[in-house]
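Here's the structure, in structure tokens; my notes come after.
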């Protein structure tokens with residue numbers, strides 16, 4: 001306590017001195033001279049951990065650039081003629097403090113021969129340190145593993161009298177939802193570039209034990225992880241056996257891996273009890289709680305209560321859609337939260353069936369997090385022609401007093417340079433003009449760690465950097481920020497790299513199909529570069545760039561990009577087509593009759609995190625597919641030898657209780673004139689179908705026949721589909737067959753724990 005009193009007296013005396021003497025004007029503020037420190041960093045007694053971190057970060061990067069180590073002291077000494085003060089809400093700068101308000105913006109002001117960097121919260125000071133360095137040097141935190149700057153032993157500040165407030169209240173990515181250790185790499189990159197949501201959850205599970213880390217970085221802390229409504233509060237493993245009525249009634253049966261019955265009063269009482277128990281485990285200062293429903297677009301309850309017309313207290317009537325039922329439940333939950341923790345709020349994904357705003361008002365302590373899962377990211381949300389569904393959904397929230405945040409998929413790019421930074425900037429500008437907008441979380445693959453995607457970063461680091469920095473200072477377009485990135489990262493090769501990005505973007509929007517969260521690299525390269533004949537020009541631009549950079553880090557970065565293009569070019573030349581046959585019979589080995597002459601499609605590439613990244617290309621001895629057709633049907637055969645015996649549906653694994661994990665196969669047929677049509681078949685012979693077209697419903701293809709056989713480790717499958725069901729000509733030049741092998745969810749966690757999902761992706765043209 002005495003230390004804090006001394007600190008207040010110290011800062012007050014400085015304020016009085018400042019008011020009694022005029023400010024000194026100086027052209028620049030030297031940090032180093034010939035690699036020797038020319039100033040020191042003053043942080044006061046017992047600083048907040050984030051202030052101490054800000055000081056050490058300023059010291060670290062000044063030393064990296066200049067070689068000088070600035071001393072960090074509690075009070076100003078006589079060792080240097082000037083000082084840099086890091087402070088929270090200093091009284092000497094009342095006008096700035098008032099202007100900054102509750103934001104994590106900051107100000108930098110000269111005072112006598114010193115500089116003050118301050119904000120109204122510790123995180124603001126840390127972000128201010130990074131912005132001060134960015135404005136006064138050519139440093140750029142380009143990607144979590146690559147920072148670039150020009151060494152300068154005579155480093156000086158020339159821009160140190162300004163104030164910055166961020167455009168968005170919430171700014172961040174999904175990268176911090178990782179394993180231990182990766183926050184210090186991927187999470188710090190977010191901070192370097194103005195992010196403030198380092199980890200969206202203060203999880204109570206071992207998966208994300210990051211409370212201490214979040215406190216150190218003064219990050220926003222959320223409680224409850226991912227989609228917790230089912231697996232954390234209404235876990236079927238805990239309640240389904242005795243209370244099946246808690247869960248959705250679908251086609252006359254209760255299902256336990258999708259959604260609850262939102263109208264069941266006993267379920268709500270159980271939820272209240274669970275909520276109270278979980279809240280008691282969360283520190284009092286946590287005020288935001290995630291309560292998103294399951295990550296499923298189907299399986300909503302069809303019971304009588306859930307189908308009854310909704311009548312509110314004021315007499316307003318509403319149709320009981322899944323979205324409206326969910327928010328009616330959430331309104332009741334929000335009232336309970338307000339009693340248990342006043343001032344707290346629920347953050348919930350507006351996702352799948354809840355994308356569209358409900359027909360009823362929502363409680364003040366509910367913050368919708370709009371997730372445009374079906375957005376075609378070639379075009380902005382403001383485009384009703386190309387994004388009719390997502391446009392209608394986002395504009396439906398315009399009258400919501402609470403405002404919305406955006407949880408989007410701009411960063412889930414494969415190893416292809418998707419220009420979604422342009423889309424993101426357009427979307428944010430559009431939303432801000434039409435409704436109250438609280439901020440954004442962008443899903444981005446981390447660069448390092450077990451889920452790391454360095455290949456995606458090779459091509460998309462520019463887009464990621466532009467998106468993050470746009471959250472801090474929103475531009476109208478991405479062009480100026482792209483130029484900053486390319487100049488600071490690639491220097492003399494910037495023009496060649498700009499040429500490469502222009503080439504890969506030229507046909508992106510006019511290429512067939514939509515660009516969504518699940519784009520695959522091979523498809524984008526094929527449609528946007530290879531078919532338009534831009535391959536040589538892209539490689540030439542990168543080779544010219546590589547020749548102009550003078551360090552190994554940049555050369556290796558560009559070399560990997562060239563290698564990826566060549567690998568995808570090799571993939572595109574691998575062609576396997578269906579062969580016409582007079583007679584087709586099911587043969588588990590697919591080695592007799594017409595099958596004997598059918599080409600064996602056995603070149604597979606590893607698929608990672610659902611994004612189709614190609615990490616290898618090899619001929620498989622254990623997996624193959626073959627395709628035949630006649631005048632009426634397409635026949636898709638698949639044979640797989642697993643590492644161990646399969647577990648058919650009759651033998652439910654003990655640890656899962658609810659159902660057994662099984663492999664499944666996806667067959668997708670598409671052309672430029674038809675949306676993709678899919679058939680999924682699991683190892684038990686069960687199948688479902690889907691057409692990738694709004695309203696994202698079942699395909700309902702008639703005449704599908706499944707021949708399925710499991711024998712020990714071998715699974716043999718033949719899918720017969722009438723050609724009329726596809727409504728396309730499978731012999732057309734641009735018709736593609738795609739085969740994909742997945743492993744289904746299990747219920748080791750109620751929502752579903754992906755086991756090696758997805759496993760393999762078959763690529764054939």
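Taking 0.36 nm per residue of sequence separation and subtracting the Cα-Cα distance, how much length would be gained by fully extending the chain between residue 253 and residue 473, in nm to one decimal?
Additional length available on full extension: 74.1 nm.
Along the Cα→Cβ direction, 7 angstrom out, place labels at residue 536 and residue 729. What is the inter-label distance in nm?
3.1
Once fully extended, how much extra length lies between residue 335 and residue 297, figured as 0.36 nm per residue of separation less the alpha-carbon to alpha-carbon distance?
Length difference between fully extended and current span is 11.0 nm.
Quick one: 620, 671, fewest Cβ neighbours within 10 Å first, how do they rank?
620, 671
So how do 246, 300 line up by other beta-carbon neighbours within 10 Å, fewest first?
By the 10 Å Cβ count, ascending, the order reads 246, 300.
Report the antiparallel proportion of the DSSP beta bridges in the stretch 52-138 as a percent, rounded to a multiple of 5.
Bridges in the stretch 52-138 are about 55 percent antiparallel.
Run the numbers for residue 630 and residue 556: contour at 0.36 nm per residue of separation, minus the present Cα-Cα distance, in nm.
Here the segment from residue 630 to residue 556 would lengthen by 21.6 nm.
Say each of residue 401 and residue 480 gets a label point 7 Å from the Cα, pointing the same way as Cα to Cβ; how far apart are those two points in nm?
Reported label-point gap for residue 401 and residue 480 is 3.7 nm.
For 65, 728, what ranking results if the residue with the fewest other Cβ atoms within 10 Å of its Cβ goes first?
Going from least to most buried by this count: 728, 65.
Taken together, the values in this text are just the output of simple stated rules run on the coordinates, not laboratory data. All figures in this text were calculated on a predicted structure; none of them were measured in a lab. Quick reminder, even Gly has a Cβ in these numbers, built from the backbone with ideal geometry, and neighbours come from all protein chains shown.
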